[in-house]
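Below is one structure, written out as structure tokens; the observations come after it.
The values are calculated or read from the model by the stated rules, or taken from the named source; none is laboratory data. The structure presented is a predicted model; accordingly, all values stated were derived computationally and were not measured. Neighbour counts run over all protein chains shown; Cβ positions are idealised from the backbone, glycine included. In case anyone asks, the SASA skips ligands and DNA or RNA and just uses the protein heavy atoms, side chains included. Shrake-Rupley method; radii C 1.70, N 1.55, O 1.52, S 1.80 Å.
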Amino acid sequence: MTTTPRDHWWMSLALLVLGGGLALVFLGPRESLPGVARGMHDRDVLRIVYTQVLRPDPHVRMLPLSTYNQFILSLWEPLVECDPLTGEPQPAAAASWSWSEDHRLLTLRLRPDGRWSNGDPVTAQDFVRAWQRLLRARIELAFTLFPVKNAESYHRGQREKPEAVGLRALDDLTLQVELDQPRTTLLVELSDPLLAPLHHSTERVLADQSFYEEPAALVTNGPFRLQQANADGYRLETSPAYHGRAGVRLAGVQFIRANSSSMGALLVAAGKADLMPSVNLSAERRWPTRRAMTVESELALGVVANYFNVTRGPLRDLRVRQALALAINREDLIEESDRAQLVPAWSWVPDMPGRPGLTLLTEDANEARRLLAAAGYPGGQGFPVLRMSLPLWMDGNPYPAACCERWFHELGIRTYVTYEASVQRAERINAGDYDFIYGVVVATVPDPADLLTTFTMPPDYSETRWRDDVIVGLLAAANRKTGPERLAILEEAERRAMAAVPAIPLMFERRHTLRSTEVRGWYGDPLARQSPRRLWLDLPPEASLPQAMPGT
Amino acid sequence: MKSFNGNNGTPWWRHWRFWLLVWAAGTLVLAAVLLWDARSWLQGAPRATFRATRLNLWPLEILWWLFIPAILLVQKSLTRVDRHWPWAISLHGLLAVIITALFVVAQAVRLLLVNHLPASFLPVVVNDLRWVGGWSYVPALVYLALILALYAVSFYRQWRDGQRLTGQLQVANAQLETKLVRASLDALKMQLHPHFLFNTLNSITSLIRNNRTREAEDIVAGLGELLRRSLDHKQEAMDTLERELDFLRRYFEIERIRFQDRLKVEFDIDPKCLRAQVPSLLLQPLAENAMKHGISKDPAARLLRVSAQRDGTRLMLTVYNDGPALPKDDAALGRGIGMQNTHARLLMLYGDEARLRLRDNTPQGVRAEIILPFRTSSSP
């Protein structure tokens, strides 16, 4: 009735072989591996990894991700682009522009040599067509054009005729944009990839997805045109019709789909890609090859903050809000594993090209306790429990809880945190049934005013329920100015907002791009709108994988 | 399908070969679907990608289909190693780890192919999966749950087979009892044989006429005792050799009247053997045969000896008569009802441990020998 293990020698042998094979895989070499040499067909082709869904359509983005911007800006050229150093608008599809005296009418003159990839001239009507399509898209995208006269009402269906929107093609090369309110930032806003023109055939091609079979059917006006498209990504080649073709040093751009950020980084390390935007970094990460790589970092134009509901209880008192702000210790707050991604925020607007960030906030726990006592809550006595609402997906985020811990230990203030589904949370926030919320605001316009509009929203639509008419006036004044004069007005608005403490800026987010050192011309952009047109490759003569330098 | 029928009448759909065939067919269909779907990619078509194939899109759980036969085989083999349960537990733990590792490697291979990474990066991708939480331990849990379920089914079957065996033993016991009853009836039949009975009654009449009433009473009592024991259906299947010999003595007392002074009965019994347990009414058929085919056939024959000896763990019983030798077709003698019943009872009770032999005795007579295990009522 018994069978000894010796009776199944073949089973033991099979297990031994299987286990040995698996051990080899699990314990196999993971460093100093040979990479993949760049093929000749990839010479001068910039290979960019992406992990999110990417469609050759300016109007389908889910988030303004780096690769989306780079992809769209490779295929299409908007009216203007921002100078990498100063952030100032520069001619792109538009050759020149002029404002009316009241800054409500912007007239743009298109460059006469602008051509679609099939040779057709780029006309003002192509922009009108594209922007009318954008106004029919989701509100998260369409709102980009809401400063245009009647644009919002057209989007909401309150106006049926697109002609009512303040967009006019005066002739083939003249585009006129009429605004509801003066807005000098509109010019830099026109650098948004969302506002690219569309050829009259594009909507049909995108609808039937014929570009997979016939890439040339997707007619674009950017520096590159579609060469190949499949589930693994897109390959672009230089567009011979592009007006600035002489300045394009790349032969093409390939967008390679990866399953994850981690796989994308491995593709760069293996020599199969050159750029991996939005890479997640960890200190203990070791690269499997010796390919020379570097990590480019840039501050995202956004801020992580705690927003007070200034209409609630003790939060109406400025001294209480100041005490809560002073009690925060940002350096301690940021976890070690996030130090590459997060930096302390000492103002509402981070550093950006042409406008360094300010230092408007301090931290002083003693002063915080003094202010709280002065407000009638010494040691937190008598202070009601603060209620914070967080979305379910934020369960596990350590930062809201860390703030609450800090307030309890320094000030004796307790907090009740609720994690809610989005619908319930929206109802709670609309009803103002919260003391503070934790959130992130991200700019979509490369301008400080975009973040400061947080404090000019009508109270019922604002997380803080706080609105300062002086700031509203300052931003309105800034919208009529340009250059240093405008920046000075915005700085005054930011100082005033931070002094009133309707919200506590906590952290700025840093974005990282893994770059092979072969890629040259890289520049930082607060909205991650680097154009591959400005980049080039500096390859060794054999275009082989460099082995000399260790990975960064 | 008829060929699937086992010797024990198992229906074809419960035979393992049928399910192996189903598995093989399923595997072929699965492979065909996957390969057909991925043919463009395998042929290196320009726009084809591994990413869009079912090899990539279908869940990895289809691997369980491939593992099923191996799991069943291993589980069945290890169930037999019931006296080596630490080995079985260790091996199942190892298999759980291996299966989990196979899932991780399969996932890594997919990632490798999808992302066009070189094959040398497989260990890198496997390790990378660990950091991003891609090492799922669910397969280990599924495997262990599956094994537990299989063990439960296996133990249930063993229990059911045990129940069936118990039933079969009960039937065998019933058959044994039937044999015993039949032996009793055979004995009764012999005792009630008209010739035997008439001879006995005539002998009793003669004794009474000769005023030998005391002897007549003894014979009547002996005949009564013979009939009583033969008719006692409730008697035990086993009895002591002492009681068995007592029964024989009663029988010979009656027979001695028939044969007058011609019959000489000797008992050569080792006292140690008296407590031995023997099947009830075991010796009477042999004595009957000796009288019928030995003493009765030869007027010169007169001796009948019953002996019992212990030989270690065995008990040897012998019934000897000095009558004529066995006929050439002695097999016919062995096929007699009494001998057949005796043989069947010994086989049921002792299996190969008991033996019945009938042979000529040199230089004269015939011996019937029974060898069986020496057991007493206190034996285990």
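What FRET efficiency comes out for B:Arg14 versus B:Val109 if R0 is 35 angstrom and r is the Cβ-Cβ distance? Round to the nearest 0.05.
Working: r = 37 Å, r/R0 = 1.06.
Plugging the Cβ-Cβ distance into 1/(1 + (r/R0)^6) gives 0.40.
Counting DSSP beta bridges in the protein assembly as shown, what percent are antiparallel, to the nearest 5?
DSSP beta bridges in the protein assembly as shown are roughly 80 percent antiparallel.
Round to the nearest 0.05 the FRET efficiency obtained for B:Ser206 and B:Glu353 when R0 = 51 Å and r is the Cβ-Cβ distance.
Working: r = 47 Å, r/R0 = 0.92.
That gives a FRET efficiency of 0.60.
Please label the shape of chain A as rounded, prolate or oblate, based on the square roots a ≥ b ≥ c of the eigenvalues of the alpha-carbon gyration tensor (a/c under 1.5 means rounded; beyond that, a/b larger than b/c means prolate, else oblate).
oblate
Taking every residue in B:109-120, how many Cβ atoms of other protein chains lie within 10 Å of its Cβ, on average?
Mean partner shielding for this stretch: 6.
Counting partner chain Cβ atoms within 10 Å of every residue's Cβ in B:46-54, what's the average?
3
What is the local net charge at A:Ala196, summed over the other residues whose Cβ is closer than 14 Å to its Cβ (Lys, Arg +1; Asp, Glu -1)?
Taking every Cβ under 14 Å from that of A:Ala196, the sum is 0.
Highest mean first, how do A:353-364, A:44-55, A:441-452 rank when packing is the count of other Cβ atoms within 10 Å averaged over residues? Don't skip to the answer; put the middle values down first.
Working: A:353-364: 15.0, A:44-55: 20.4, A:441-452: 21.9.
Per-residue mean Cβ counts within 10 Å order the peptides as A:441-452, A:44-55, A:353-364.
Using the Cα gyration tensor of chain B, with a ≥ b ≥ c the square roots of its eigenvalues, what is the shape: rounded (a/c below 1.5), prolate (a/b larger than b/c) or oblate (neither)?
Values: a/c = 4.68, a/b = 3.99, b/c = 1.17.
Judged from the Cα gyration tensor, chain B comes out prolate (a/c at least 1.5, a/b above b/c).
Can you order the peptides A:293-305, A:253-265 by their average number of other Cβ atoms within 10 Å per residue, highest first? Spell out each step's value before the answer.
On the way: A:293-305: 19.6, A:253-265: 22.4.
Highest mean packing first, the order is A:253-265, A:293-305.
When only C-alpha pairs under 8 Å and at least 6 residues apart count, what is the relative contact order of chain B, in percent?
10
Counting helices only, and only those DSSP H runs with n ≥ 4, report the 222 nm mean residue ellipticity of the protein assembly as shown as the sum of -39,500 (n - 2.57) divided by its residues, in deg cm²/dmol to the nearest 500.
Theoretical 222 nm ellipticity from helices: -12500 deg cm²/dmol.
What does the C-alpha gyration tensor say about the overall shape of the range A:345-471? Classify as rounded when a/c is under 1.5, otherwise prolate if a/b is larger than b/c, or oblate.
Values: a/c = 1.66, a/b = 1.20, b/c = 1.39.
Oblate is the answer for the range A:345-471, as a/c is 1.5 or above yet b/c matches or exceeds a/b.
Would you kindly state how much longer the chain becomes between A:Ala431 and A:Leu15 on full extension, computed as 0.36 nm times their sequence separation minus their alpha carbon distance, in nm to one decimal?
143.4 nm
List the accessible area buried at the contact between A and B, summed over both sides and calculated with a 1.4 Å probe, in Å² to the nearest 100. Write down the numbers at each step before the final one.
Details: alone 25380 and 23760 Å², together 45690 Å².
For A against B, buried area totals roughly 3500 Å².
Taking all protein chains in place and a 1.4 Å probe, what share, in percent, of the accessible surface of the protein assembly as shown do carbon and sulfur account for?
Here carbon and sulfur together make up 55 percent of the probe-accessible area.
Quick check: net charge around A:Ile504, other residues with Cβ under 10 Å of its Cβ, Lys/Arg +1 and Asp/Glu -1?
+2
Please give the peptides A:97-105, B:158-166, A:381-389 ranked by average Cβ packing (other Cβ atoms within 10 Å per residue), highest first, as a rough proxy for protection.
A:381-389, A:97-105, B:158-166
Which pairs in the list B:Lys179/B:Lys272; B:Lys297/B:Lys328; B:Lys264/B:Lys328; B:Lys179/B:Lys297 are over 21 Å apart, alpha-carbon to alpha-carbon?
Working: B:Lys179/B:Lys272 29 Å; B:Lys297/B:Lys328 16 Å; B:Lys264/B:Lys328 27 Å; B:Lys179/B:Lys297 29 Å.
The answer is B:Lys179/B:Lys272; B:Lys264/B:Lys328; B:Lys179/B:Lys297.
Under a cut-off of 19 Å between alpha-carbon atoms, report the aspartates and glutamates in cross-link reach of B:Lys76, not counting same-chain residues fewer than 8 places apart.
A:Asp7, B:Asp161
Counting only other residues whose beta carbon sits under 15 Å from that of B:Asn211, what net charge do I get with K and R as +1, D and E as -1?
Computed value for this residue: 0.
Counting only heavy atoms of the protein chains, get the accessible area per residue of chain A (1.4 Å probe) and round it to a whole Å² value.
43
Going 7 Å from the Cα of A:Val53 along its beta-carbon direction, which residues of the range A:121-144 have the amide nitrogen within less than 14 Å of the resulting point?
A:138
Using 0.36 nm per residue of separation minus the Cα-Cα distance, give me the extension gain between A:Lys481 and A:Glu336 in nm, one decimal. Before the final figure, lay out the partial values.
Values: separation 145, 0.36 × 145 = 52.20 nm, distance 4.21 nm.
Using 0.36 nm per residue and subtracting the Cα-Cα distance, I get 48.0 nm.
Could you give the length gained by full extension between A:Glu363 and A:Asp113, i.e. 0.36 nm per residue of separation minus their alpha carbon distance, to one decimal place?
Length gained between A:Glu363 and A:Asp113: 84.4 nm.
Expressed as a rounded percentage, what relative contact order does chain A have, with Cα pairs under 8 Å and six or more residues apart?
Details: 1079 pairs, mean separation 114.4, N = 552.
Dividing the mean separation by the residue count of chain A yields 21 percent.
For A:Arg414 and B:Ala172, what does the FRET efficiency come to when R0 = 56 Å and r is the distance between their Cβ atoms, rounded to the nearest 0.05?
Given R0 = 56 Å and the Cβ-Cβ separation, E is 0.10.
Could you give the nm distance between label points at B:Gln364 and B:Asp246, where each point is 7 Å from its Cα heading toward the beta carbon?
Between B:Gln364 and B:Asp246, the simple spin-label model gives 3.5 nm.
How big is the accessible area of B:Thr10 in square angstrom, nearest 10, if you roll a 1.4 angstrom probe over the protein chains?
Counting only protein heavy atoms, B:Thr10 exposes about 40 Å² to solvent.
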